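Taken together, the values in this text are just the output of simple stated rules run on the coordinates, not laboratory data. Predicted model, so just to flag it, every value in this text is computed and none were measured. Note that each Cβ is placed from the backbone with ideal geometry, even for glycine, and that neighbours are counted across all protein chains shown.
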Amino acid sequence: MASSFQFQALADSTNALLAGKLVTAVALGIYAGNALTYSAVIMPSLRKFSSSSSLAVWTETFNTAKSIQLSALAISTLGSAALYYETKNTSYLISALLMAGSIPYTFATLLPINKKLLAIRDGNRLNGQRDSLKDNKSDDSVVDDLMRRWSFFHLGRTLVGFVSLSAAIYGIISDSGVNFILSK
């Protein structure tokens, strides 16, 4: 059977390692790219609008992106750790530690701000529905300050994502991970 042969070929340790490298690099790229989109596009754009509109858009993008980021964080951390375990290449260990380190960083710096912004947004209701046109119950300067602080601390996650991605790519290039291309 062709499918059983293909599965056995993938399960081969060399191919499994290659698949692990690919999945880890893709997850790191998604994490870093999403973080960069926030830092370089979304947050600067939101500063051009009223705080109630900015907060409405931030809330929607945050709620949509968090599952993507959490999945990419988990896959890239576990993938980098597994690659280090299999190869003993310290580039993967650096990648895993950086990604794992972004968890307490996020809890310490961004989570308190997230909670405040989401609470302010939750207070903007009209007839039980969220209303971006309704004035914030909070002063605009409070929302603006929280958004600036969130953007500043999120830049740390962006940098961690790209350094971790760079470390993993270096690991892929520096070990036997690319020999399959060069040996043919």
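Brief remarks follow.
- Förster-model FRET efficiency, 30 Å R0, Tyr85 and Ala108, C-beta, rounded to 0.05: 0.60
- Close Lys-Lys pairs in region 13-182, where close means Cα under 23 Å and separation is 8 or more or interchain: 11
- Projecting label points 7 angstrom from Cα along Cα→Cβ for Leu118 and Val142 puts them 1.8 nm apart.
- Ser166-Thr14 pseudo-label distance in nm [points 7 Å out on the Cα-to-Cβ vector]: 3.2 nm
- Under the convention that each Lys and Arg Cβ holds +1 and each Asp and Glu Cβ holds -1, the size of the dipole of region 13-182 around its Cα centre is about 200 debye.
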